[in-house]
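**Student:** The structure's right below; bear with me while I get my questions together.
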Amino acid sequence: MGHVRQRNAIKNLSNRPEVTIFTRNGPSNPFKWGPWVAGGQLLLWINFADFYWNYSLAKDEETGEMKPLEMWKRASLSSVALVAGLAIGGGLLHFISRSVARVQILNGKTVQLDVFRVTGRGTVSRKYPLHLMYSKDILYTGVGPAGLTKPSSTQYSIQAPGNKYAFILSRSGEFPDPKIFDLLFHRTSV
């Protein structure tokens, strides 16, 4: 029954050249401060690394004086701080680049995702075949005003071919027909 409904939905979409099935609500540039925040995080952790390098002390057991830690210990502490700064900043930029601004179906065969640039300013379009995109998550829950509320998550993810990480859609966005979205993309197994 599900495959028949899916084929009918695709057939209805193929009659129109361009159908928007998701638009993100809110400001047009929600991530414009993202690179600045990532850079600030990196600077903060660079300061921590410098602090660990210069001020890591240990008490000498024989004399009772405070001495700098051995160089390899200070280097290890500083390296951990640098890796943490890069991971936090990089994770933020990665989240921005996976966030979707708009999803369109083109001629019933292609999905066009407009995702935010890493810089947070503007979007870039990516096209994928409709039949290769999937999500293991269900969008329409029947809970909340639009029926999209999920207590454990405010986001919906969709997987595209050739991408290791899923694209992220905000459940608070505008879905003209969320049931069609589930019909097109929901898969229990891949």
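**Student:** Give the aspartates and glutamates whose C-alpha is closer than 17 Å to that of Lys32, dropping any in the same chain fewer than 8 places away, or say none.
**Tutor:** Asp114
**Student:** What's the carbon and sulfur percent of the chain's accessible surface, probe 1.4 angstrom, rounded to a whole number?
**Tutor:** Carbon and sulfur: 58 percent of the exposed surface of the chain.
**Student:** Continuing with this model, one more query. Taking a probe of 1.4 Å, how large is the accessible area per residue of the range 24-102, in Å²?
**Tutor:** Solvent-accessible surface per residue comes out at 68 Å².
**Student:** Also, quick follow-up: Going by the alpha-carbon gyration tensor, a ≥ b ≥ c the square roots of its eigenvalues, is the range 109-190 rounded (a/c under 1.5) or, if a/c is not under 1.5, prolate (a/b greater than b/c) versus oblate?
**Tutor:** Oblate shape, in that a/c is at least 1.5 and b/c is the bigger or equal ratio.
**Student:** For the range 38-190, what percent of Cα pairs sit more than 24 Å apart?
**Tutor:** Within the range 38-190, distances greater than 24 Å cover 52 percent of Cα pairs.
**Student:** Given 10 °C and 1.306 mPa s, how large is the Stokes-Einstein diffusion coefficient of the range 121-162 in µm²/s, with Rh as the Kirkwood radius over Cα pairs?
**Tutor:** 127
**Student:** Ok, one more. Which distance in nm do the two modelled labels at Val124 and Tyr165 give, with both placed 7 Å along the Cα-to-Cβ direction?
**Tutor:** 1.3
**Student:** Also, I was wondering about something else. Expressed in nm to one decimal, what extension gain is obtained for the pair Lys179 and Val83 from 0.36 nm per residue of sequence separation less their Cα-Cα distance?
**Tutor:** My answer for the length gained is 30.3 nm.
**Student:** Also, I was wondering about something else. When you have a sec, figure out the Kirkwood radius of the range 45-85 from all distinct Cα pair distances and drop it here in Å to one decimal?
**Tutor:** 10.5
**Student:** Given a Förster distance of 30 angstrom, what is the FRET efficiency for His94 paired with Leu43, based on the Cβ-Cβ distance and rounded to 0.05?
**Tutor:** My answer for the efficiency is 0.95.
The values are calculated or read from the model by the stated rules, or taken from the named source; none is laboratory data. In this text, all values refer to a predicted model and were calculated from it rather than measured experimentally. Because the Cβ atoms are built from the backbone with ideal geometry, glycine has one as well, and the counts that use them run over all protein chains shown. The area values use the complete protein model at the heavy-atom level, side chains included, leaving out ligands, DNA and RNA. Shrake-Rupley method; radii C 1.70, N 1.55, O 1.52, S 1.80 Å.
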